[in-house]
Amino acid sequence: MSIKIPIANINQPLSRNVVKQMASGGFLPVIALEAFVEGGRTLQAYKRGGFDEARERITEEFSGAVFWLGGVTGLNWLFEKIGQYINKLPNQDVAIGSDTVRRPLNNYLAKETTKNGDKILKLTMAKFKFVKVMSSVVLANAFIGFVLPKINQAITRSYHKNKEVNIVPENGAVQVQRPTFDNFIKKDKNEKQKDVSFNGINYLAIANKFESDRNWKLLSVDVGTAGGRTYSARNNDERVEIGFRDISSIYFYMFNMSNMNKWLNKIEQKGITSRLDPQSAEFATRYMENYLESIKANKVNVERFAEDFLGRDAELPESLAARFKGKGTKITSLKAFNEELEKLEFIPSQVKKYQKLAQKMSQLQPQLKGVPIITEAQARDVLNGGHINNPEFLREFFKNRFGTSFMDKYQYVAQNELDVVKKDLLNYVKSIISKARKTDAQEVTLQLLRKASNNNLKLNALNWGAGFATSALFLSTLIPKMQYMITKMRTGSDAFPGTAQYREQENKDA
């Protein structure tokens, strides 16, 4: 049966793409969250400390965010370009992550040489990558934790040093007029103003984490940021505030959204914590709709649908399973797999069929040093059959989620990431089968498929949205209020501790 396979990432609504990005573990959710954080924290700062604190907060949050989100990545890119001019380093970007299925650096080192014809050494690459990412982390931390706070404090000093202090008699008392946002904006255009702007051990394993993992990148800067900002504080009261704010914020920036999504999924799916992202669900749904079209029907018996899509659910024959044992590799060469197939008691036509499927399955990952391989899970899929185990469908399905990098010999997508998405696909199809079995007609219909895809989008949006809203609330409002409460309990005052010295001087002058 020939089923038309949808084209990856074509004609997908914007709403599905946005929710997919929220669920992807990339930077988009953090960037979107940062917009709420900057607005909320600046507002809370203005309510308490007026212009001084609000100006410091927006400068710190915006400039810090640029280096927090892009500092390590940008510096990595810069140092990578510099490294490409060095004779013994690759002249192209090569991923250094690896697992049993994908080893891009080994693929590169197997045949690439320097300009002088010398072999590029793995140790040389490891040292370069490690020094490169560590330098990026240190520089990003130094700017956010030490340079930016000093610049921020210098700007505040400048305001207090150069501003005109108007002594306004009021009922016999002396009042000091401080700058506000309103009079700052409404200053005479002819008045000279300062325009301040901000532009903002396994060597390979460690380097790969800092180079490719979002959480490692952000946490590496968080540690230095919290320590540097705390050290650079102007007094102990400000130091306590900054330490509490930065440390308590880490969870809500990094982990709260994914944790809430898992908890809500577990409740909704009776113990299953992950869910297929909405773009992948829509892709799979269109494939299932094309299946109904291929059999020229708007509905099909649920048992036939289950058999056609899930195939058999059998273990590998013992002799074939033995090919994947030893040192936990879980892979074997395509040649060895095909040789083992011929020893099994299959009729010749089945052997040819399985070997053809295995060849296509081996193309879902790059060759290792020129040798085609197949994983244990793929071998099982080849023998079990079923439309969701079809390698041609899986190629487009994974492209819809990961692009083409999972097939590139110099790029890296962890095999366990593909395995998780494949398992989510299996659970999605099983959920459709389960719903169909609960109907009186015991049929999978076009309406049921469409409802399943729309329900997937709604629940993904609800779960990730709930996590986003909770993080935004804590980061923008509750954490600032708690840090102010701590200061009030310590000092008995609601005033901004960062400008305490200026208030004391103004009181003396008054």
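Structure notes:
- Rg followed by Dmax, in Å, when the range 362-487 is reduced to its Cα trace: 21.2, 66
- In this label model, Lys262 and Asn290 are separated by 3.5 nm, measuring between points 7 Å along each Cα→Cβ vector.
- Residue order for Trp464, Trp216 - accessible surface, 1.4 angstrom probe, largest first: Trp216, Trp464
- Amide N of the range 476-491 lying under 17 Å from the label point, which is placed 7 angstrom from the Cα of Asn236 along Cα→Cβ: 486-491
- Heavy-atom accessible surface of the range 233-283, averaged per residue, reaches 43 Å², computed with a 1.4 Å probe.
- Taken one residue at a time, the phi angles of the range 231-245 give Karplus couplings (6.51, -1.76, 1.60, θ = phi - 60°) of 5, 7, 4, 7, 7, 5, 5, 5, 4, 5, 4, 5, x, 5, 4 Hz. Gly and Pro are set to x.
- A cut-off of 5 Å between modelled amide H atoms, ignoring neighbours fewer than 5 places along the same chain, links Leu368 with Ile373.
- Rounded percent of accessible protein surface that carbon and sulfur make up, the range 216-296, 1.4 Å probe: 60 percent
- Net charge dipole size for the range 390-429 [Lys, Arg +1 and Asp, Glu -1 on Cβ; Debye, nearest 20]: 20 debye
- In this simple spin-label model, placing a label point 7 Å from the Cα along the Cα-to-Cβ direction at both Asp93 and Ile272 gives a separation of 3.5 nm.
- Taking the centroid of alpha carbons for each part, the range 371-443 and the range 295-370 are 13 Å apart.
- Label-point separation, Asn455 to Met482 (7 Å along Cα→Cβ), nm: 3.7 nm
- The range 434-498, accessible surface, carbon-and-sulfur percent (1.4 angstrom probe): 62 percent
- Lys/Arg +1, Asp/Glu -1 at C-beta; the range 331-439 dipole; positive extreme among Ala436, Asn389, Gly370: Ala436
- Legend: calculated FRET efficiency, Leu78 to Glu303, from the Cβ-Cβ distance at R0 = 60 Å, rounded to 0.05, equals 0.55.
- Using the Cα coordinates of the range 261-415, the gyration tensor eigenvalues translate into equivalent-ellipsoid semi-axes of 28, 22, 17 Å, sorted from longest to shortest.
- With contacts taken as Cα pairs under 8 Å at a separation of at least 6 residues, the range 279-390 carries a relative contact order of 34 percent.
- Computed over protein heavy atoms with a 1.4 Å probe, the accessible surface of the range 333-465 works out to 48 Å² per residue.
- Taking a ≥ b ≥ c as the square roots of the Cα gyration tensor eigenvalues, the range 415-476 comes out oblate, since a/c reaches at least 1.5 and a/b does not exceed b/c.
- For Asp99, the accessible area of its heavy atoms, probed at 1.4 Å with every protein chain present, is near 40 square angstrom.
- Taking Cα centre as origin and charging only the Cβ of basic (Lys, Arg, +1) and acidic (Asp, Glu, -1) residues, the dipole magnitude of the range 270-394 rounds to 320 debye.
The values are calculated or read from the model by the stated rules, or taken from the named source; none is laboratory data. All values reported here derive from a predicted model rather than from experimental measurement. Counting neighbours? That spans all protein chains shown, and the Cβs are built from the backbone with ideal geometry, glycine included. Ligands, DNA and RNA are excluded from the accessible area calculation, which covers all protein heavy atoms including side chains. Shrake-Rupley method; radii C 1.70, N 1.55, O 1.52, S 1.80 Å.
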